[in-house]
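Visitor: Next up is a structure, given as structure tokens.
The values are calculated or read from the model by the stated rules, or taken from the named source; none is laboratory data. Quick caveat, the model's predicted, so the values are computed rather than measured. Note: ideal-geometry Cβ built from the backbone for every residue, glycine included; neighbour counts use all protein chains shown. Please note that ligands, DNA and RNA were not included when accessible areas were found on the heavy atoms of the full protein model with its side chains. Shrake-Rupley method; radii C 1.70, N 1.55, O 1.52, S 1.80 Å.
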Amino acid sequence: MTQQRSNQIFGGTFLIGLAVLFLTNWWWPGILYVIGIALMTRSIAEGKSWMQERGGIAILLIASFFTLLDFLSSFTFNFWPVILILIGLYLLFGKRNRVSSSGDNASSKRKNDFV
């Protein structure tokens with residue numbers, strides 16, 4: 001598909017998204033969703049995979065973060081201590097790569113021993 005056609009698809013998607021924002025009056029973070037989706041549709045129109053549009057993915061992730069933040073702030077529960085606790089638990093019990101303190105690896109010795 002030509003560059004001109006993919007730009008037309010981007011513009012059309014963007015205008016439809018703006019119309020939805022006017023109808024719903026949900027400007028923040030709705031505008032981020034509109035931009036991210038428009039970038040991804042242009043990428044698809046150019047024949048690329050939607051995953052190759054890293055800017056669009058990043059914008060959609062940021063929009064999702066703000067949507068989640070807005071949703072969680074509507075509760076009176078303070079969720080930041082829970083996030084800190086979860087990060088602390090991950091640091092304490094998360095996946096760790098353990099390296100043997102001695103230079104030789106005991107398990108490799110056992111594999112090569114003939115008894």
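Visitor: Would you say LYS95 is surrounded by 12 or more Cβ atoms within 10 Å (Cβ to Cβ) and not in a helix (DSSP H, G or I)? Lay out the reasoning, then the answer.
Guide: Working: surrounded by 12 or more Cβ atoms within 10 Å (Cβ to Cβ): no; not in a helix (DSSP H, G or I): yes.
Spelling it out, it is not the case that LYS95 is surrounded by 12 or more Cβ atoms within 10 Å (Cβ to Cβ) and not in a helix (DSSP H, G or I).
Visitor: Do you know which of the residues in segment 62-81 that are over 15 Å from TRP28 (Cβ atoms) and in a loop (DSSP other than H, G, I, E, B) is least open to solvent (accessible area, probe 1.4 Å)? Steps first, answer last, please.
Guide: Of all residues in segment 62-81, those over 15 Å from TRP28 (Cβ atoms) come to 72, 75-81.
Add one more test, that the residue is in a loop (DSSP other than H, G, I, E, B), and what stays is 75-79.
Working: PHE75: 111, THR76: 148, PHE77: 128, ASN78: 95, PHE79: 33 Å².
Only one residue fits best here, namely PHE79.
Visitor: Moving to a separate point now. Any chance you could count how many residues in segment 13-60 are open to solvent by 30 Å² or more (accessible area, probe 1.4 Å), in a helix (DSSP H, G or I) and of a type in the set (Gly, Ala, Ser)?
Guide: Counting residues in segment 13-60 that are open to solvent by 30 Å² or more (accessible area, probe 1.4 Å), in a helix (DSSP H, G or I) and of a type in the set (Gly, Ala, Ser) gives 3.
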